[in-house]
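Visitor: What follows is a single structure, and I will ask about it in a moment.
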Amino acid sequence: GDNQTANLSSLPNTIKEVEAVAANFDPEKSLVIKNGSMSLEEFSAKAAGNEVIHLATHGVLHPLLPLESAIMLGLTAVPVKDVMTLDLQANLVTLSACQTGLGKLYEGDEMVGLTRAFMYAGTPSVLSSLWPVSDESTAMLMSEFTSRFKAGQTKSQALRQAQIAVRAKYPSPYHWASFILTGDWK
């Protein structure tokens with residue numbers, strides 16, 4: 001979680017989101033970083049061996065240069081081209097940030113963007129967004145999703161049920177329909 005990033009708007013609900021997500025995991029087996037920055041090397045070392053990685057921060061989309069699209073780790077922008085070099089063994093990476101599911105389609109290739117980069121890094125499933133998202137409703141969606149997933153629902157079931165729960169409070173699809181699951185849905 002990061003509630004203040006240079007040149008980007010404040011995200012006060014990311015701290016609540018990270019705490020709610022972390023509550024679903026054994027504290028002895030969890031690493032929660034609520035603020036500050038970290039380099040790609042630090043992230044790689046801390047993410048290694050984790051079953052689930054949840055990033056509640058800013059996503060930066062560069063539609064014309066998709067390899068420069070990035071996920072923010074505090075003040076550090078980690079571009080797609082660097083994410084691809086990671087060696088992750090997580091079952092699920094959640095990119096709880098704006099437009100993390102977008103990229104550029106190249107002929108003869110798939111979409112180049114953050115979702116594909118995390119899959120190249122070894123993650124079979126990535127939860128990402130298709131448009132700018134609300135900090136408040138996203139925190140609710142992620143809390144609902146994680147609690148359902150940890151309770152035994154498949155990733156796709158947990159996402160659907162979380163979207164239904166958020167839809168009850170926020171009827172506009174803007175709040176509940178942005179997030180998609182790519183890869184292994186189980």
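Visitor: Give the average over all directions of the projected area of the C-alpha convex hull of the stretch 97-143, one decimal, in nm².
Guide: Numbers: hull surface 14.8 nm².
Dividing the Cα hull surface by four gives the mean projection, 3.7 nm².
Visitor: Hey, another quick one. Could you point to the residue in 48, 61, 124 farthest towards the positive end of the chain's charge dipole, with +1 and -1 charges on the Cβ of Lys/Arg and Asp/Glu respectively?
Guide: Ranked along the dipole, the leading option is 124.
Visitor: Given an 8 Å cut-off on Cα distances and at least 6 residues of separation, report the relative contact order of the stretch 1-135 as a percent.
Guide: Values: 277 pairs, mean separation 30.7, N = 135.
It comes to 23 percent, rounded to a whole number.
Visitor: How high is the relative contact order of the stretch 64-182? Use alpha-carbon pairs under 8 Å, at least six apart in sequence, and give a whole percent.
Guide: Working: 198 pairs, mean separation 28.0, N = 119.
Averaging sequence separation for qualifying contacts and normalising by length gives 24 percent for the stretch 64-182.
Visitor: How much FRET efficiency would the formula 1/(1 + (r/R0)^6) give for residue 107 and residue 84, where r is the Cβ-Cβ distance and R0 is 30 Å, rounded to 0.05? Kindly include the intermediate steps, with their values, before the conclusion.
Guide: Details: r = 20 Å, r/R0 = 0.65.
Efficiency, from the Cβ-Cβ distance: 0.95.
Visitor: Then there is this: DSSP loop chymotrypsin sites (Phe, Trp or Tyr not before Pro) in the stretch 45-135 with at most 12 other Cβ atoms within 10 Å of their Cβ, which ones? Provide the component values of the computation, followed by the final result.
Guide: Numbers: sites: 106, 118, 120; in loops: 106.
Counting only loop positions with at most 12 other Cβ atoms within 10 Å, the chymotrypsin sites (Phe, Trp or Tyr not before Pro) in the stretch 45-135 are 106.
Visitor: Given H placed on each backbone N at 1.01 Å, which residues far from residue 69 in sequence or on other chains put an amide H within less than 5 Å of it?
Guide: Hits under the 5 Å cutoff: 62, 80.
Visitor: Okay, next question. List, in order, the whole-Hz ³J(HN,Hα) value for each residue of the stretch 158-170 obtained from phi through the Karplus relation with A = 6.51, B = -1.76, C = 1.60 and θ = phi - 60°; use x for Gly and Pro.
Guide: 5, 5, 4, 5, 5, 5, 5, 5, 5, 4, 5, 8, 10
Visitor: Amide H of residue 112 versus every other amide H placed in the peptide plane: which residues, excluding those fewer than 5 positions away on the same chain, fall under 5 Å?
Guide: HN-HN under 5 Å from residue 112: 104, 105, 106.
Visitor: Please return the longest range in the chain lying between exposed loop sites, taking GluC sites (Glu not before Pro), DSSP loop only, at most 16 other beta-carbon atoms within 10 Å, and leaving the sites out.
Guide: Numbers: sites that count: 51, 107, 110.
That would be 111-186.
Visitor: Please identify the trypsin sites (Lys or Arg not before Pro) of the stretch 12-52 that satisfy two criteria: DSSP loop assignment and at most 16 other Cβ atoms within 10 Å. Which are they? Show your work: numbers first, answer last.
Guide: Values: sites: 16, 29, 34, 46; in loops: 34.
Here the trypsin sites (Lys or Arg not before Pro) that fit, given the DSSP loop and packing criteria, are 34.
Visitor: Expressed in nm to one decimal, what extension gain is obtained for the pair residue 164 and residue 65 from 0.36 nm per residue of sequence separation less their Cα-Cα distance? Mind showing how you got there, number by number?
Guide: Numbers: separation 99, 0.36 × 99 = 35.64 nm, distance 3.47 nm.
So the extension gain works out to 32.2 nm.
Visitor: In whole Å, what are the extents of the stretch 147-186 along the principal axes defined by its C-alpha atoms, from largest to smallest?
Guide: Rounded to whole Å, the extents work out to 27, 20, 10 Å.
Visitor: If you place +1 on the Cβ of every Lys and Arg, -1 on the Cβ of every Asp and Glu, and leave all else neutral, what size is the dipole of the chain about its Cα centre, to the nearest 20 Debye?
Guide: On the way: 14 positive and 18 negative charges, 118 e Å.
It works out to roughly 560 debye.
Visitor: Another question, then. Output the pairs from 46/104; 46/81; 34/150 with a Cα-Cα distance over 26 Å in this structure; if there are none, say none. Mind dumping the intermediate values first?
Guide: Working: 46/104 29 Å; 46/81 19 Å; 34/150 21 Å.
Those over the limit are 46/104.
Visitor: Let me ask you something else. Give me the number: length gained by fully extending residue 8 to residue 45, i.e. 0.36 nm times residue separation minus the C-alpha to C-alpha distance, one decimal in nm. Please report the intermediate quantities before stating the final value.
Guide: Numbers: separation 37, 0.36 × 37 = 13.32 nm, distance 2.63 nm.
Here the answer is 10.7 nm.
Visitor: Additional query: Using helices alone, what [θ] at 222 nm do you get for the chain, with -39,500 (n - 2.57) per DSSP H run of 4 or more residues, divided over all residues and rounded to the nearest 500? Don't skip to the end; give the middle numbers.
Guide: Details: 7 runs with 64 residues, N = 186.
Dividing the helical sum by the residues of the chain leaves -10000 deg cm²/dmol.
Visitor: While we're looking at this one, here's another question. Among 140, 94, 77, which residue has its Cα positioned farthest towards the positive end of the charge dipole of the chain, with +1 placed on the Cβ of Lys and Arg, -1 on the Cβ of Asp and Glu, and the dipole taken about the Cα centre?
Guide: It is 140, whose Cα lies furthest towards the positive end.
Visitor: So what are the ³J(HN,Hα) numbers for the stretch 141-149, from phi and the Karplus equation (6.51, -1.76, 1.60; θ = phi - 60°), rounded to whole Hz, Gly and Pro as x?
Guide: For the stretch 141-149, the Karplus curve yields 4, 5, 5, 4, 4, 5, 5, 6, 5 Hz.
Visitor: Springs between alpha-carbon pairs under 10 angstrom, Gaussian network model over the chain: which of 71, 164, 53 fluctuates most?
Guide: Greatest mean-square fluctuation among the candidates belongs to 164.
Visitor: What translational diffusion coefficient, to the nearest whole µm²/s, does the stretch 1-96 have by Stokes-Einstein, given a Kirkwood radius computed over alpha-carbon pairs, a temperature of 4 °C and 1.567 mPa s viscosity?
Guide: Values: Rh = 13.9 Å.
Answer from the Stokes-Einstein relation: 93 µm²/s.
Visitor: In square nanometres and to one decimal, what's the mean projected area of the convex hull around the Cα atoms of the stretch 66-179? It would help to have the intermediate numbers written out before the result.
Guide: Working: hull surface 30.2 nm².
Approximately 7.6 nm², given one-decimal rounding.
Visitor: Under the Karplus relation 6.51 cos²θ - 1.76 cosθ + 1.60, θ = phi - 60°, what is the ordered set of whole-Hz ³J(HN,Hα) values for the stretch 111-120, x standing for Gly and Pro?
Guide: Listing the rounded values in order: 4, 9, x, 5, 4, 4, 4, 5, 6, 4 Hz.
Every number here is computed from the coordinates shown, using simple stated rules; none is lab data. Note that the structure is a prediction, hence the values are computed from the model and not measured. Counting neighbours? That spans all protein chains shown, and the Cβs are built from the backbone with ideal geometry, glycine included.
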